[in-house]
1. Can you give me the % of accessible surface on the chain that is carbon or sulfur? Probe 1.4 Å, all protein chains present, nothing else counted.
2. Only Cα pairs under 8 Å and at least 6 apart count here; give the relative contact order of the chain as a rounded whole percent.
3. How many lysine pairs does the chain hold where the Cα atoms are under 22 Å apart and the two sit 8 or more places apart or on different chains?
4. Using only Cα atoms, what Kirkwood radius does the chain have, in angstroms?
Amino acid sequence: MVAKNVVGIVLIAIGVAYTIMASRIPSRAVPGDPGPSIIPMGAGILLVILSVLLIVRNLRRLEERVNVTKKTLFMILLTILYILFLKYSFTLMTMLYSIVGAFILKKSGERISKWMVFLFSVIFSISIYLIFSLLLDVSLPDPVMERIIER
């Protein structure tokens, strides 16, 4: 990232120097003629503008990269907690994991429906438990759901 910003700064300096040198090209005395310096000056100004855009884009990406790193660390911590508490209730831990994970992973500024996230998490967790326990006959660690199904 730093190297791209250095390149942007160097290109700005080159663009400014090029524009200054292009402005020193002698002009003609013909009225209405923009002169021979118009295209080199335009190229120098364009180089400066594009270099500034390069730096701004790199700074935005750096900010996004920091947000992605924070989200990654939060998801790793959440996954560790999920694994540690999974033995107490598969269904409840999966619900919590998917609810919290959805809010961690959402894009900044993006609005998501809390009810939809909650509803999806509940349906998903219970469905997975029922599929594994009733259809596949695989025991999942969930004393809460075992008590509910047995009744």
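1. Values: 8220 of 11250 Å².
Ligands and nucleic acids excluded, carbon and sulfur reach 73 percent.
2. Working: 112 pairs, mean separation 30.2, N = 151.
Reported relative contact order: 20 percent.
3. Lysine pairs meeting the criterion: 7.
4. Working: mean 1/r = 0.0477 Å⁻¹.
Result for the chain stands at 21.0 Å.
The values are calculated or read from the model by the stated rules, or taken from the named source; none is laboratory data. Remember, it's a predicted structure, so these values are computed and weren't measured experimentally. To get the accessible areas, we keep the full protein, side chains included, count just its heavy atoms, and leave off ligands, DNA and RNA. Shrake-Rupley method; radii C 1.70, N 1.55, O 1.52, S 1.80 Å.
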